[in-house]
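Scroll down for the structure; my scribbles are underneath it.
The values are calculated or read from the model by the stated rules, or taken from the named source; none is laboratory data. Quick caveat: nothing in here was measured; it's all calculated off a predicted structure. Neighbour counts run over all protein chains shown; Cβ positions are idealised from the backbone, glycine included. Just the protein is used for accessible areas: all its heavy atoms, side chains included, with ligands, DNA and RNA removed. Shrake-Rupley method; radii C 1.70, N 1.55, O 1.52, S 1.80 Å.
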Amino acid sequence: MSSPTESRLTRTSAATAYTRTGFGSTRSTRSTTDLAVRGVQGWRRLRRTAARVARAVADTVSPAGWVVVGVALAGLVCGLGFGWLEFAVAGGAALLLLALSVPFLFGARAYEVTLRLAHDRVVAGTPVEGALVVSNVGRRTALPGRVDLPVGEGLVDVHVPLLRPGHDISETVVIPTLRRGVITIGPARTVRGDPLGILTREATWQETHTLYVHPVTTALRSTATGLIRDLEGSPSRRIVDADFSFHALRPYVPGDSPRQIHWKSTAKTGAMMVRQYEETRRSRMILVLGLGGDEYADDDEFELAVSATASIGVRGIRDGRDVDVVAGAEIPEFARNRMRTFRTLTTISSRTLLDDLAGIDRGENPSPLRDVATLASGRHPDASIAFLVCGSTLTPAQLQSAALAFGSEVAVIALVCAPTATPGIRRLGGMTVVSIGLLDDLRQLLAKGGKS
């Protein structure tokens, strides 16, 4: 009778023998499996290679080239198959054209393309000049070609003549900047092909440039003078227990700080008296720019509003104020009645503000002016003055509704921008309404002061 240990060894040996027998297949089976796997892998590689070749041919042969290919095939088949001499001559001529077009494709990567811009930030209306330098970095003479340079939604074509190795040409490219915006320049593409346009080959460089076309601004006087100073200079009606501007004395109540006790008055009256102060206004300015399509009559009004916002914001930043510029952000259609959001522009410096304003535009479903004003006032409760910048389509009731988003301690100015409006300043409830027809009107009205 065998022991349990011997039984386990016997079962283990049997299992091992069974395992070896199970994986021990014949050589013919393994060979068949390897051939099948290699065949599938080879077919996949062949299919990928064929797809790359097909794409390369499709990118190289132009529509006119496909016509020549069709003429060559039809002419040679009909001419040689049926003995039609005319078809054979036409097919041979088309085939010769294809053969002569091939050498023009060589050297597409022999070029080195560099674009140098004189400025990367300009004011709208100031054209920018750039130098497009094309160098032959190859070891052979490069045949004539063309360089396509995308400029925004446009395209600039530069002809490249025959270039010997180590030589280059420089072409001046003038970029129009008639309108504010952010223009992407590049990437440049070199296009090589035959004079008839049968075959073409392109090479693309990855270098791109971003050109910021800033809005037109006007130089404003310091915000410490004029209308802004008059509105901010009104006394604050909020009484606090600690600040700089003394207001009055009141009886002591439990919880008051001992540091606020006025000891001379306490000695005279025999009752403890503490100081009260008027809250000091902080120099924080908020500019709310409307982006709704229904808040402007046309594009001219919107461009005037952007320029006015830029002018006031730049002046405030240079005066050392805390400036916040906000605008309505786009709302998805499904959440239009349930969502409010806004966008804060970068005001670290005047350049960052102008960069953001260069790319801003009206949206399809942005938050309306009142909602943006409400969100901005909640984010910055310490504001001292707020500008509501909009077009001529908003009614006085809508302007007053947006102004009510700010507290009574905030001086609110509604800046209505309309090229057809008569410039002037008027009061609308507790709000000041400034109407401008030209950007220069803004400078003149803000400089006059609140008595105008």
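From the set of residues in the range 389-407 that are open to solvent by 50 Å² or more (accessible area, probe 1.4 Å) and in a loop (DSSP other than H, G, I, E, B), which is farthest from GLY292 (Cα to Cα)?
If we take residues in the range 389-407 being open to solvent by 50 Å² or more (accessible area, probe 1.4 Å) and in a loop (DSSP other than H, G, I, E, B), then LEU404 is farthest from GLY292 (Cα to Cα).
Being among the hydrophobic types (A, V, I, L, M, F, W, C) and either under 30 Å from VAL253 (Cα atoms) or not in a strand (DSSP E or B) (or both) is a property that ALA386 lacks. Each residue in the range 417-452 was checked for being open to solvent by 20 Å² or more (accessible area, probe 1.4 Å) and in a strand (DSSP E or B), and 5 of them qualify.
Could you say which residue among THR309, THR269 is at pLDDT 80 or above, open to solvent by 70 Å² or more (accessible area, probe 1.4 Å) and polar (S, T, N, Q)?
Values: THR309 fails: open to solvent by 70 Å² or more (accessible area, probe 1.4 Å).
Residue meeting the stated conditions: THR269.
Contact map, the range 62-78: first residue over 10 Å from ALA94 (Cα atoms) and open to solvent by less than 20 Å² (accessible area, probe 1.4 Å), second residue of a type in the set (Val, Ile, Thr) and not in a helix (DSSP H, G or I), Cβ cut-off under 7 Å, separation 6 or more or different chains; pairs are SER62/ILE198; SER62/THR200. In the range 182-201, the residues that are in contact (Cβ under 8 Å) with a residue 60 or more places away in the chain reach residues that are in a loop (DSSP other than H, G, I, E, B) and of a type in the set (Asp, Glu) with C-beta atoms within less than 8 angstrom, at least six apart or across chains, in these pairs: GLY186/GLU207; ALA188/GLU207.
Results for (1) aliphatic (A, V, I, L, M); (2) farther than 26 Å from VAL216 by Cα; (3) open to solvent by 10 Å² or more (accessible area, probe 1.4 Å), shown as yes or no for each residue.
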{"site": "MET339", "(1), (2), (3)": "yes, yes, yes"}
{"site": "THR344", "(1), (2), (3)": "no, no, yes"}
{"site": "LEU357", "(1), (2), (3)": "yes, no, no"}
{"site": "ASP382", "(1), (2), (3)": "no, yes, yes"}
{"site": "ILE385", "(1), (2), (3)": "yes, no, no"}
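Out of everything in the range 355-371 that is modelled with pLDDT of 90 or more and assigned to a loop (DSSP other than H, G, I, E, B), what residue ends up being nearest to GLN398 (Cα to Cα)? Filtering the range 355-371 for residues that are modelled with pLDDT of 90 or more and assigned to a loop (DSSP other than H, G, I, E, B), the one nearest to GLN398 (Cα to Cα) comes out as ASP361.
Restrict the check to the range 346-354 and report whether at least one residue is under 15 Å from LEU287 (Cα atoms) and open to solvent by less than 10 Å² (accessible area, probe 1.4 Å). Checked against the condition, which is being under 15 Å from LEU287 (Cα atoms) and open to solvent by less than 10 Å² (accessible area, probe 1.4 Å), the range 346-354 yields at least one hit. When ILE413 is tested against (1) in a strand (DSSP E or B); (2) of a type outside the set (Asp, Glu); (3) in contact (Cβ under 8 Å) with a residue 40 or more places away in the chain; (4) open to solvent by 20 Å² or more (accessible area, probe 1.4 Å), just one condition goes unmet, and that condition is (4).
Has the range 198-212 got any residue that is at pLDDT 75 or above, crowded, with 18+ Cβ neighbours inside 10 Å and within 30 Å of ALA376 (Cβ to Cβ)? Scanning the range 198-212 turns up at least one residue that is at pLDDT 75 or above, crowded, with 18+ Cβ neighbours inside 10 Å and within 30 Å of ALA376 (Cβ to Cβ).
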